[in-house]
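Some notes on the structure that comes next.
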Amino acid sequence: VVYSVLGFREATVGTPVQDVEGGPGLAFIAYTTAVAQMPLPQLWSAAFFFMMVLLAIDSEFGTIEACIGPLQDYPLFQRVRKEVLCLVVCVSLCLLGLPMCTRAGLYIFTLWDTFSVAIPLLFIGVAQCIAVAWFYDLDRFCADIAYMTGSPPHLYWRICWKYVSPALISLILLASVVKQCLAPAGYSSYVGCEEHPNSGLYNGTASWSQDVPFVWWAQILGALMVMLPVLAMPPCALVTVIVRRAK
């Protein structure tokens, strides 16, 4: 479906498929331009955005459960009904997402998507593999799975959990950090065509866009977005170990 729509757009508008960038521009610019030129554009536009709404709702189920699950492990939130906790989390996330609906929303979204997704999640993935396979002990973990499912995991999965997954994720994490340090992060900015540039800061291009690095304060904010989830893990783990040993 993706390449059929992009191919149709290339045939009608003339924009090559390889020049179309991913992200929100693909969904809300490239797709909508192609859908508007199809027969019965109202029908296809309604179907496309209805699909986008269903996709967003489906993604939110997993996101909200991932937020609520750890919160319910704390005694403070165990007294709160799950429906109320879901409402509070959804309203909070909605308020945090409102700045992305402003005029500078795409800039904020790109900044958030660039710094808060890749490196922190990779670090968390490595920490989870090491914590479960090495600190909690892989044999205990497999015994828990056997108790719940009736059969222990295969040797293949044990090797992957203890050796392969931590090594591969660590390699990807290292490559991501090196890439982030060598090349400053940027975003695709609208600069206008070559004859009529959008502003005096950048010259227009044939694709009407240009990769521009983030300003210095955005780079600092991005570094904080990377470090905050990562730096919170070691002290929390240390406090947990000390408290449990004291008991």
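Couple of notes before you dig in:
- Shape category assigned to the range 85-177 from the gyration tensor of Cα positions, a/c cut at 1.5: oblate
- Taking 7 Å steps out from each Cα toward its Cβ at THR102 and ILE159 produces label points 5.4 nm apart.
- By a 1.4 Å probe calculation restricted to protein chains, GLU60 has an accessible surface near 90 Å², given to the nearest 10.
- Taking 0.36 nm per residue of separation and subtracting the current Cα-Cα distance, fully stretching the chain between ALA183 and ILE145 would add 9.4 nm.
- Short-range pairs are left out: with C-alpha atoms under 8 Å and at least six residues apart, the relative contact order of the range 38-173 is 18 percent.
- Each peptide in 223-229, 146-152 gets a packing score, the mean of other Cβ atoms within 10 Å over its residues, and the list from highest to lowest is 223-229, 146-152.
- In terms of its C-alpha gyration tensor, the range 68-138 comes out oblate, because a/c is 1.5 or above while a/b does not outweigh b/c.
- A crude spin-label estimate for the pair CYS94 and TRP134, with each label 7 Å from Cα along the Cβ direction, gives 4.4 nm.
The values are calculated or read from the model by the stated rules, or taken from the named source; none is laboratory data. For clarity, every value in this text was computed on a predicted model and none was experimentally measured. Glycine also receives a Cβ, built like all others from the backbone with ideal geometry; neighbour counts cover every protein chain displayed. Each accessible area value is taken on the protein alone, full model and side chains, heavy atoms only, with ligands, DNA and RNA left out. Shrake-Rupley method; radii C 1.70, N 1.55, O 1.52, S 1.80 Å.
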